[in-house]
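**Student:** Following this message is one structure expressed as structure tokens.
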Ligand code: LIP
């Protein structure tokens, strides 16, 4: 994978830089929580909010990542966008779960993924409220480090049937999009155990990895929402896919425990026809 002159592109070295940057950004986000509502803008709709803390977190991430690796590219939710020359691109969500952050609902994370030649090779999702650090490298497994607890290797659950499958999902920022998504989830509910809507795609994908839910699907995510979390889920043993065998991500992200993945993928496809 490493072309000449890119000796420090190993997944574990990229992960170490991602973790260090994510920890600093998470500290900044945590300090900004009490004043989250002071400077709020909107993007795609009146409910698609961006706070000054989102912007500050992204600026810090870009400064630390490109400061250490100036030839890399970057893509961030709040506008960071630069082509690099190293083959490495950082995909960052400075606060995934911004509405939760604004309201003080304890489910928002800093998400940093390192792509090498277009493939995510290292990812970190740091839950700001709990301090739980989810990490993964391609082929290196998925890990959870929680404050005061030993590092734990993550493994997905193994539900015996679709009817016993707990499903996480999310909804978009446009009302007409939510209307359609609401119809889908209404038809999904009687087919599965129950749903959970945590409000952060990155944390939803980590919940699959940790076996806290059995499956997740969401339509309409952006690369920064899922880049790191999808690697964590896959390295924990989840089947990660789009619709009809398409690549996961846009428009559809699906992650499921292998024991129900085939049925769940079929169900999600059926409900989106
Ligand atoms: C959020 C996602 C979540 C989705 C929300 C929003 P943001 O990202 O993580 O899964 O349902 O609509 O897109 O905007 O908080 O970074």
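**Student:** Kindly indicate which of 63, 54 is within 27 Å of residue 174 (Cβ to Cβ) and either modelled with pLDDT of 95 or more or in a helix (DSSP H, G or I) (or both). Steps first, answer last, please.
**Tutor:** Details: 63 fails: within 27 Å of residue 174 (Cβ to Cβ).
After applying the criteria, what remains is 54.
**Student:** Right, something else. Only one residue in 187, 197, 153, 191 is at pLDDT 95 or above and surrounded by 15 or more Cβ atoms within 10 Å (Cβ to Cβ). Which one?
**Tutor:** Answer to the selection: 191.
**Student:** One residue is enough: does segment 39-48 have a residue meeting the conditions under 18 Å from the mean Cα position of the chain (by Cα), modelled with pLDDT under 95 and within 13 Å of the ligand (Cβ to nearest atom)?
**Tutor:** Going through segment 39-48, the residues under 18 Å from the mean Cα position of the chain (by Cα) turn out to be 48.
Remaining after also requiring modelled with pLDDT under 95: 48.
Narrowing further to those that are within 13 Å of the ligand (Cβ to nearest atom): 48.
For segment 39-48, residues under 18 Å from the mean Cα position of the chain (by Cα), modelled with pLDDT under 95 and within 13 Å of the ligand (Cβ to nearest atom): present.
**Student:** Then there's this: Condition test on residue 29, is it within 15 Å of the ligand (Cβ to nearest atom) and on the phi < 0 side of the Ramachandran plot?
**Tutor:** Yes, satisfied.
**Student:** Shifting gears a bit: Could you tell me whether any residue of segment 261-271 is touching a helix residue (DSSP H, G or I) at 6+ places or on another chain (Cβ under 8 Å), within 12 Å of the ligand (Cβ to nearest atom), at pLDDT 95 or above and part of a helix (DSSP H, G or I)?
**Tutor:** Checked segment 261-271: no residue is touching a helix residue (DSSP H, G or I) at 6+ places or on another chain (Cβ under 8 Å), within 12 Å of the ligand (Cβ to nearest atom), at pLDDT 95 or above and part of a helix (DSSP H, G or I).
**Student:** Tally time: how many residues in segment 133-165 are touching a residue at least 40 places away in the same chain (Cβ under 8 Å), within 30 Å of residue 15 (Cα to Cα) and in contact with a helix residue (DSSP H, G or I) (Cβ under 9 Å, 6 or more places away or on another chain)?
**Tutor:** 15
**Student:** Oh, and also: Look at segment 90-103 and say how many of its residues are surrounded by 22 or more Cβ atoms within 10 Å (Cβ to Cβ) and free of Cβ contacts under 8 Å to residues at least 60 places away in the same chain.
**Tutor:** Within segment 90-103, the subset surrounded by 22 or more Cβ atoms within 10 Å (Cβ to Cβ) is 90-98, 101.
Within this subset, residues satisfying the condition of being free of Cβ contacts under 8 Å to residues at least 60 places away in the same chain are 98.
Total satisfying the criteria: 1.
**Student:** Residue check, residue 179 against (1) surrounded by 15 or more Cβ atoms within 10 Å (Cβ to Cβ); (2) within 16 Å of the ligand (Cβ to nearest atom); (3) over 16 Å from the mean Cα position of the chain (by Cα), all met but one. Which one?
**Tutor:** Residue 179 satisfies all of (1) surrounded by 15 or more Cβ atoms within 10 Å (Cβ to Cβ); (2) within 16 Å of the ligand (Cβ to nearest atom); (3) over 16 Å from the mean Cα position of the chain (by Cα) except (1).
**Student:** Which of the numbered conditions does residue 205 fail, given that it passes all the others? Conditions: (1) farther than 18 Å from residue 144 by Cβ; (2) crowded, with 16+ Cβ neighbours inside 10 Å; (3) within 16 Å of the ligand (Cβ to nearest atom).
**Tutor:** Failed condition: (1).
**Student:** Out of 52, 36, I need the residue that is more than 13 Å from the ligand (Cβ to nearest atom), surrounded by 13 or more Cβ atoms within 10 Å (Cβ to Cβ) and over 21 Å from residue 226 (Cα atoms). Which one?
**Tutor:** 52
**Student:** Only one residue in 175, 227 is out of contact with any strand residue (DSSP E or B) (no Cβ under 7 Å at 6 or more places or on another chain) and in contact (Cβ under 8 Å) with a residue 12 or more places away in the chain. Which one?
**Tutor:** When all the criteria are applied, what remains is 175.
**Student:** Within segment 55-76, how many residues turn out to be out of contact with any strand residue (DSSP E or B) (no Cβ under 9 Å at 6 or more places or on another chain) and buried (at least 18 other Cβ atoms within 10 Å of the Cβ)?
**Tutor:** 1
**Student:** Something else: Test each condition in (1) within 22 Å of residue 45 (Cβ to Cβ); (2) at pLDDT 95 or above; (3) more than 11 Å from the ligand (Cβ to nearest atom); (4) out of contact with any strand residue (DSSP E or B) (no Cβ under 6 Å at 6 or more places or on another chain) for residue 79 and report the one that comes out false.
**Tutor:** Of (1) within 22 Å of residue 45 (Cβ to Cβ); (2) at pLDDT 95 or above; (3) more than 11 Å from the ligand (Cβ to nearest atom); (4) out of contact with any strand residue (DSSP E or B) (no Cβ under 6 Å at 6 or more places or on another chain), only one is false for residue 79: (2).
**Student:** What pairs can you find where one residue is in segment 106-124 and free of Cβ contacts under 8 Å to residues at least 40 places away in the same chain, the other is assigned to a strand (DSSP E or B), and their Cβ atoms are less than 8 Å apart, with a gap of 6+ or different chains?
**Tutor:** The qualifying pairs are 118/89.
The values are calculated or read from the model by the stated rules, or taken from the named source; none is laboratory data. Note that this is a predicted model, so its numbers are computed, not measured. Reconstructed Cβ throughout: ideal geometry from the backbone, glycine too, with neighbour counts over all protein chains shown.
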